[in-house]
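See below for the structure under consideration.
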Amino acid sequence: MLTSKEKADTKRLPMMPIREVVIFPYMMTPFVVGRESSIRALEEALSGDKKIFLATQHDASVDEPRPDEIYSVGTIANIIQSLKLQDGNIKVLVEGVDRAKVVSVSEEEGFFRAVVKSVHYKVETGAQLDALISRVTSLFEQYAKLSQNLNYETLVAAIRVDEPGKLADTVGANLQLNIEEKQELLEVFDPVDRLTRVAEMLDIEIEKLNMDRTIQGRVKRQMEKAQKEYYLNEKIKAIQKELGRGEKSEFDELKKKIDAAGMSKDALEKSIAELKRLENMPPMSAESTVSRNYLDWMLAVPWKKKTKEIRDLKHAQNVLESDHYGLEKIKERILEFLAVRQLVKDPKGSILCFVGPPGVGKTSLGMSIAKATGRKFVRLSLGGVRDEAEVRGHRRTYIGALPGQVLQMMKKAGTRNPVFMLDEVDKMSTDFRGDPSAALLEVLDPEQNYMFMDHYLDVEYDLSQVFFIATANVLHTIPPALQDRMEVIRLSGYTELEKMEIAKRFLVPKQKKQTGVGDANIEFQDASLQELVQHYTREAGVRNLEREVGNVCRKIARKLVTANVAKQKLDKVVVKPALVNELLGPQKFRDLEAEKKNALGATVVLAWTEVGGQILTTEAAIMEGRGKLTTTGKLGDVMQESAQAAMSYIRSRAMILGLNRDFYRHVDIHLHVPEGAIPKDGPSAGITIATSITSALTAIPVRGDLAMTGEITVRGRVLAIGGLKEKVLAAHRHGIRILVLPKDNEKDLPDIPEYIRKEMTLHFVESMDEVLKLALEREIQPLPMPALTADRTPLPAEDVTH
């Protein structure tokens, strides 16, 4: 129902959705039309009265919006010009005529056609309306003066109109508003209401512009103040220089420090040049901060300061013995190093690499070396490092650049000759940022590291006096070129006797101190330590043993505190095996004594892992089939090839092993190594696999009190393997006392402690025939060999006589 002020007008026009712009009446706007539907709507309008309905879509990213994705209020516009471009798009210039609201939309021939209704209000003039028009005109003039994006003269001339609707649309089209605010203004049909809303928007926008101007003025004044201070400081310096008095400047202090640092000639020249650049820079500039940081790093790195080295062999031996039990080879090598340093005046730094399972004391040994030699100790963990810049640093062109970790650690040490530990050197990786192990080649090469070049300092730095010690669990992940630069010293796992001795000397006192229980409160029996070693830990090192000792101490500490609260006296607790079981619960690992039963197709194999020696079982099962060999248990390529080699050996000696020549045609063999989630690889299980398959085929059980290791060839030869000491220790730890080992490994016997050798029965073999005689419960009865014809082919079975 229309009021006396309203008059409605309905039209049916082609409709074009537009993006990221709201077109107002009286507004001339150019834009490019590219969508197929929009081009068709434009062509329809051009073929008629050149009128088109333009409405903004809600989401500009939608290419083909539906009617409900387009605002319902838009603008009826006249098409003034249209120009078809080479890419098929059309550039148009339109002029807004009237705002209108969509009544209905239909799709015709690939474009929208809308029925729109425009409402015209009859405005009653008066003093109130004149005041509003005057206020909006004044505010917009103010806005145009403050805004830097508008042409003041043109816009002020354009708003000199008395019609409130036209004034509101002209001003609204030129305000810096977002799409939603402009659409909201377009949807106000009443001219007076629209003009009032424009006045409110102008107030807000003028306030924003005034605030921006205030902030800009403040920033400008601060910059002028900084420039003024810089100018006056330079004046003061010049006056003091002329008078020849006053305190020395900061630059003079830096110059003194540079001269006293003992830098190399190249580093000194570079530092002096950088200092001169810094003097000529404004103090507030970003470049001056970069230069100052560079000079600070050049002064922080030790150039000439050295720690006085203790070369007393007796002192070093006492330190090593008091800190570590066992590890005789390591101690010998360190004492040899110190002896050489007494004889050679200026020896080069040593580069050692300790390789062994976790928990055997590689890192703590490096600290003991530093203590024995009186040097500073620094440690750099390389685990997970994959960026070359971690070693060499970043160039100064990068924001926030720093020297690499090598020089950062040298700064931390404060001397040129520290003990520098590169921990977990086998855990480095590579990606697109470079290979850190390649960068270490220069650090760990005595022929090159006297001129190590860090990208940040960009001068040669001498690392030749540093005692580098790398640590690793395995060698195969370290690049061969890097291995070649280090003297590799292997640390094997500890024996049970060594673990008990380490627990008595080091672990128990340490945990007593950490848990607050003293010798007066707790005493560990040797039998209790043996219980912890045998039944609560299975490791090459002693980390878990230390945790279990700590668990016992904490539980005793709780009992002690509870007794103190209750004002009761707790007698000294003597830790016996039964008390260990009570405090820590059931045994985590049981002896394999009960499992040492002879079994068909099951053989115990000695394995070597990153955490030391282990024992595994290989199992073989025979089924009816067609000669297929299946391997399971997550076996690697080398181990699968060992299974194939074992199978070839058995087939080639079938008659001697009591099997028919074509036995494989009628059976399938399944080889499995338990703990299937753990990857396994290597050739040392070859003889074990062959024994398991032979046992299953011949139905002769394998001795359960025996374990073996060795590589097999297709001819049945037994080849040497690695990690013999770790494997023998693992067998001893698990209660196995009879071992079958390759003859070529007999030379490694001195590495195994003598008391363990005395407890073990070691059989050294050269062929698979010897292995089967030792491993199987009874001897194999061979089948009679078939007679041969003149051309040495077997006669048919019926022609063979016995």
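The values are calculated or read from the model by the stated rules, or taken from the named source; none is laboratory data. On a predicted model such as this, the values are computed, not experimentally measured, just so you know. Quick reminder, even Gly has a Cβ in these numbers, built from the backbone with ideal geometry, and neighbours come from all protein chains shown. Ligands, DNA and RNA are stripped out before the accessible areas are found, and what is left, the full protein with its side chains, is counted by its heavy atoms. Shrake-Rupley method; radii C 1.70, N 1.55, O 1.52, S 1.80 Å.
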| remark: Per DSSP, the loop-located GluC sites (Glu not before Pro) within the stretch 378-464 having at most 12 other beta carbons within 10 Å are E447
| task | Return the inverse of the average 1/r over all pairs of distinct C-alpha atoms in the stretch 670-772, which is the Kirkwood hydrodynamic radius, in Å to one decimal. | result | 14.4 Å
| query | If contacts are Cα pairs under 8 angstrom and at least 6 residues apart, what is the relative contact order of the stretch 64-217 in percent? | reply | 19 percent
| query | Which value, in Å to one decimal place, does the Kirkwood hydrodynamic radius take for the chain when every pair of different Cα atoms is included? | reply | 36.9 Å
| task | Report, in debye and to the nearest 20, how large the dipole of the chain comes out about its Cα centre when Lys and Arg carry +1 and Asp and Glu carry -1 on their Cβ. | result | 3180 debye
| In Å², nearest 10: area of E184 left accessible to a 1.4 Å probe | 90 Å²
| request: Pairs of Cα atoms under 8 Å, at least six residues apart: use those to get the relative contact order of the chain, whole percent. | output: 7 percent
| task | Answer rounded, prolate or oblate for the stretch 280-422, using the Cα gyration tensor with square roots of eigenvalues a ≥ b ≥ c: rounded when a/c is under 1.5, else prolate when a/b is larger than b/c, else oblate. | result | prolate
| I310-R386 FRET efficiency (beta carbon distance; Förster radius 60 Å; 0.05 resolution) | 0.95
| query | GluC sites (Glu not before Pro), restricted to the stretch 2-94: which are DSSP loop and have at most 12 other Cβ atoms within 10 Å? | reply | E20
| message | Could you work out [θ]222 nm for the chain from helices alone, using -39500 (n - 2.57) per DSSP H run of at least four and dividing by all its residues? Round to the nearest 500 deg cm²/dmol. | response | -13000 deg cm²/dmol
| said: Give the separation of the Cα centroids, the stretch 346-422 to the stretch 507-561, in Å. | reply: 33 Å
| field | Amide N proximity, the stretch 680-694 versus H476 label position 7 Å along Cα-to-Cβ, cut-off under 18 Å | value | 680-689
| message | Apply the a/c threshold of 1.5 to the C-alpha gyration tensor of the stretch 631-727 and tell me whether it is rounded, prolate or oblate. | response | prolate
| task | State the Kirkwood hydrodynamic radius of the stretch 402-541 in Å, one decimal place, computed from all pairs of distinct Cα atoms. | result | 18.7 Å
| task | Write down the accessible area per residue of the chain in Å², having rolled a 1.4 Å probe over the full set of protein chains. | result | 53 Å²
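Could you please put T430, T631 in sequence from largest to smallest accessible area, using a 1.4 Å probe?
From most exposed to least exposed: T430, T631.
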| field | Average silhouette area of the stretch 163-213, convex hull of alpha-carbon atoms, in square nanometres | value | 3.4 nm²
| query | When the dipole is taken about the Cα centre of the stretch 1-114, and only Lys, Arg (+1) and Asp, Glu (-1) are charged at their Cβ, what size is it in debye, to the nearest 20? | reply | 460 debye
| remark: Whole-percent carbon and sulfur contribution to the accessible surface of the chain (1.4 Å, no ligands, DNA or RNA) stands at 50 percent
| note | Sorted largest first, the C-alpha extents of the stretch 495-543 along its principal axes in whole angstrom are 29, 19, 16
